[in-house]
Amino acid sequence: MRHDTLSDIFAIVKNAEMIGLKECIVPSSKIVKDILKIMQKNKYIGSFEFMDDGKSGHFKIELLGRINDCGSIRPRFYINKQEFITWEKRYLPSVSVGILFITTSKGLLDHRTAKKEGVGGALLGFIY
């Protein structure tokens, strides 16, 4: 029974990485597509493609074996642009390792891009 799509996506990807699969299939949505683009840009996953099943569809993700841990952050904490270092220390193993996913007024961004653009937002998840 799926209630939180984002948590399900992170759990599927993490479990597939842990058992050594080369690909996995996850349910699709707009936010999942944006998160997969950020993960691909930061080289945590390879390519991904949309597979239409007549309903909402699925994404087939190529795994590279570079994910140690990932997860969603509940509740969705709202942070401003000065608080990034606090949340990096809380969820990431080191300041320069991993990324936080943040939804902002400029769309879904990783925390490094949000720092450069000077925007805050709500924390969605992390990966390293």
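FYI, it's all coordinate maths here, none of it is from the lab. Just so you know, these numbers come straight off a predicted model, no measurement behind them. All Cβ positions, glycine included, derive from the backbone under ideal geometry; neighbour counts span all protein chains shown.
Numerical summary
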| item | result |
| --- | --- |
| Of residues in segment 49-95 being polar (S, T, N, Q) and under 15 Å from the mean Cα position of the chain (by Cα), the one nearest to I35 (Cα to Cα) | S72 |
| Residue in segment 66-76 that is part of a strand (DSSP E or B) and either among the aromatic types (F, W, Y) or surrounded by fewer than 13 Cβ atoms within 10 Å (Cβ to Cβ) (or both) present | no |
| Extreme residue, farthest from I12 (Cα to Cα), among residues of segment 28-45 that are over 11 Å from the mean Cα position of the chain (by Cα) and surrounded by 15 or more Cβ atoms within 10 Å (Cβ to Cβ) | S29 |
| Every residue from segment 112-128 that is farther than 16 Å from D69 by Cα and either part of a loop (DSSP other than H, G, I, E, B) or among the acidic types (D, E) (or both) | E117, G118, V119, G120 |
| Failed criterion for S56 (all others in (1) in a loop (DSSP other than H, G, I, E, B); (2) over 25 Å from G121 (Cα atoms); (3) out of contact with any Ser or Thr (no Cβ under 8 Å at 6 or more places or on another chain) hold) | (3) |
| Residues located in segment 104-122, provided they are touching a residue at least 24 places away in the same chain (Cβ under 8 Å) and within 22 Å of K43 (Cβ to Cβ) | G107, L108, L109, D110, H111, A114, K115 |
| Members of segment 82-111 that are surrounded by 15 or more Cβ atoms within 10 Å (Cβ to Cβ) and assigned to a loop (DSSP other than H, G, I, E, B) | L92, G98 |
